[in-house]
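Everything on this sheet refers to the single structure shown next.
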Amino acid sequence: MKLIERMTGKKIIKIDSNVPRSYLVSLVIKYSLNLLRFITVKFLFRSHSKRAYIGRKTRIICKSKIDLGNNVRIGDNTKINAISEEGLVLGENVKIGDNSIVLLSGGISNIGKGMTIGKNSFFSEYTFFGAAGGIKIGENVIGGQYVRFHAENHSFNSHDKLIREQGVTHKGICIGNDCWIGSGVVFLDGAELGNGCVVGANSIVTKKFPNNSIIVGSPAKIIKKR
């Protein structure tokens, strides 16, 4: 158990008696291989991490713009493009689930701002981070599957130009500490959550919300306070 705690960065009080020993062994093997993948390319990162875990078939572009804290876990088959002004900073014990995409730029003509995720934050499988306008996520944030961040929006006011020729806006997205984000939630450019917020599954967040708000819907609205 001590070895698993060290690898995951989590304090495990008790392992359920129904968990097979073979499964625990497979976890140790998996994390050992993921750690080895990090060690073999560690010198390429802008990182002082002693220990991080990179999943199978994960593709990372521009490692020199990435700063990883200890025990960061990046899931299998994840794609990261860190080309941006400020790069990608993942705090201690951050986890990004399998099959996720981290895209910090919208293109080579105008690279994105970057993204920061605070320590002990966890995002499940198939999360999409579009961080061209900048994303800042606090500490101890938990996100379900298929959560999407789109820190960029298209301008469309003119009738004389194609929408694709009218440029984009970059307001950025900011998530406070200790938030719970349900599965399928979409954050659009300019969205902001205060500390302690809860967002219901499949909500679309388009604006700013104060601390301890419980919000649901499309577009999301406050239904009560914690």
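The values are calculated or read from the model by the stated rules, or taken from the named source; none is laboratory data. Small disclaimer: the values here were computed from a predicted structure and weren't measured. Using ideal geometry, Cβ is built from the backbone for each residue, glycine included, and neighbour counts are taken over all protein chains shown. Heavy atoms of the whole protein, side chains included, go into the accessibility calculation; ligands, DNA and RNA do not. Shrake-Rupley method; radii C 1.70, N 1.55, O 1.52, S 1.80 Å.
Things to note:
- For the chain, accessible area per residue (1.4 Å probe, heavy atoms of protein chains only), Å²: 55
- Formal net charge of residues neighbouring S213 (Cβ-Cβ distance under 15 Å; K, R +1; D, E -1): +4
- Applying both filters, DSSP loop and at most 13 other Cβ atoms within 10 Å, to the chymotrypsin sites (Phe, Trp or Tyr not before Pro) of the range 128-177 gives F156.
- In this structure, F43 and A201 have a Cβ-Cβ separation that, at R0 = 30 Å, corresponds to a calculated FRET efficiency of about 0.15.
- Axis of helix 21-41 versus longest Cα principal axis of the chain: the two differ by about 60°, to the nearest ten degrees.
- Rolling a 1.4 Å probe over the protein heavy atoms of the range 21-143, with every protein chain left in place, gives an accessible area that is 55 percent carbon and sulfur.
- Counting Lys and Arg as +1 and Asp and Glu as -1 over every other residue whose Cβ lies under 14 Å from the Cβ of K113, the net charge comes to -1.
- Listed pairs K30/K136; K30/K65; K119/K171; K136/K207; K14/K119 exceeding 18 Å between Cα atoms: K30/K136; K30/K65; K119/K171; K14/K119
- Maximal additional length on extending the I29-I61 stretch stands at 8.9 nm, based on 0.36 nm per residue less the C-alpha distance.
- With a cut-off of 10 Å between beta carbons, the residues surrounding A131 carry a summed charge of 0, where Lys and Arg count +1 and Asp and Glu -1.
- The modelled label-to-label distance for the pair K208/R226, using points 7 Å beyond Cα in the direction of Cβ, is 2.0 nm.
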